Amino acid sequence: MLLWILVSVCAIAAAQQRSSSYSGEYGGGGGKPFSQSGNQLDGPITALRIRTNRVYITGIQVRYGTTWSEYRGGSSGDLEEIFLHPGEHISQVNGKYTHYVRQLVFFSNKERVFTFGKDIGISFNASPLFPDTFLRYISGSSDSVIDAIGFHWDYPSSNCVHCNK
Ligand code: MMA
């Protein structure tokens, strides 16, 4: 009986500790795979640069803390940049894709919405599984465009190692 209680308590504790989840991958099989998992060490996501042409999301760069990730994608189209406010995090990403990513719509916990690209293709709604978790980093495939993208969610920046906080 005591053992059963102990096992139950441990199981509940373990279940409550879960916080990470993944949404994706959305897009096609082309391009070269990338992951920005290691960029989490620079801090939470603070800004986004997204390049779009008339039909596709052609490039992406994400700022972690004060450090920009490597740029992924090609040179077609125009680059747009948005900065998050202090304490603002991405809480959901909707979008459209076919063989390539066509649209990305970022929603924040401060009720702002940032829309990039065209409203054409297959819809996706990427949102975290666990409460109070947000976009921590992206992965995907790219070359001359963003072929595919996936979203990794967790508590904001709990393992920020390079930040002086
Ligand atoms: C390259 C090649 C493909 C990829 C596209 C778009 C032009 O072709 O890497 O596999 O799908 O770029 O990124």
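The values are calculated or read from the model by the stated rules, or taken from the named source; none is laboratory data. These figures come from a predicted structure and were not determined experimentally. FYI the Cβ positions are ideal-geometry reconstructions off the backbone, even for glycines, and counts take in every protein chain you see. The accessibility values were calculated without ligands, DNA or RNA, using every heavy atom of the protein model including side chains. Shrake-Rupley method; radii C 1.70, N 1.55, O 1.52, S 1.80 Å.
Points worth noting:
- Within the range 15-25, the set of residues being over 14 Å from the mean Cα position of the chain (by Cα) and open to solvent by 30 Å² or more (accessible area, probe 1.4 Å) comprises Ala15, Gln16, Gln17, Arg18.
- Failed item in (1) surrounded by fewer than 19 Cβ atoms within 10 Å (Cβ to Cβ); (2) in a strand (DSSP E or B); (3) in contact (Cβ under 8 Å) with a residue 40 or more places away in the chain; (4) not acidic (Asp, Glu), with Ser123 passing the rest: (3)
- So Gly28, is it open to solvent by less than 20 Å² (accessible area, probe 1.4 Å), modelled with pLDDT of 95 or more and away from the ligand (no atom under 16 Å from the Cβ): no
- Lys96 meets all of the listed conditions (1) open to solvent by less than 50 Å² (accessible area, probe 1.4 Å); (2) among the charged types (D, E, K, R); (3) not in a strand (DSSP E or B) but one, namely (3).
- Condition met for Ser144 (in a loop (DSSP other than H, G, I, E, B), surrounded by 15 or more Cβ atoms within 10 Å (Cβ to Cβ) and polar (S, T, N, Q)): yes
- In the range 89-98 there is no residue that is among the basic types (Lys, Arg) and touching a residue at least 60 places away in the same chain (Cβ under 8 Å).
- Of all residues in the range 156-165, one or more are more than 16 Å from the ligand (Cβ to nearest atom), of a type in the set (A, V, I, L, M) and not in a strand (DSSP E or B).
- Some residue of the range 52-62 being more than 15 Å from the ligand (Cβ to nearest atom), modelled with pLDDT of 95 or more, in contact with a helix residue (DSSP H, G or I) (Cβ under 6 Å, 6 or more places away or on another chain) and within 27 Å of Gly30 (Cα to Cα): no
Yes/no per residue for (1) out of contact with any Asp or Glu (no Cβ under 6 Å at 6 or more places or on another chain); (2) closer than 14 Å to Ile138 by Cβ; (3) surrounded by 13 or more Cβ atoms within 10 Å (Cβ to Cβ):
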site	(1), (2), (3)
Arg51	yes, no, yes
Gly59	yes, yes, yes
Gly65	no, no, yes
Ile82	yes, no, yes
His89	yes, yes, yes
Leu104	yes, yes, yes
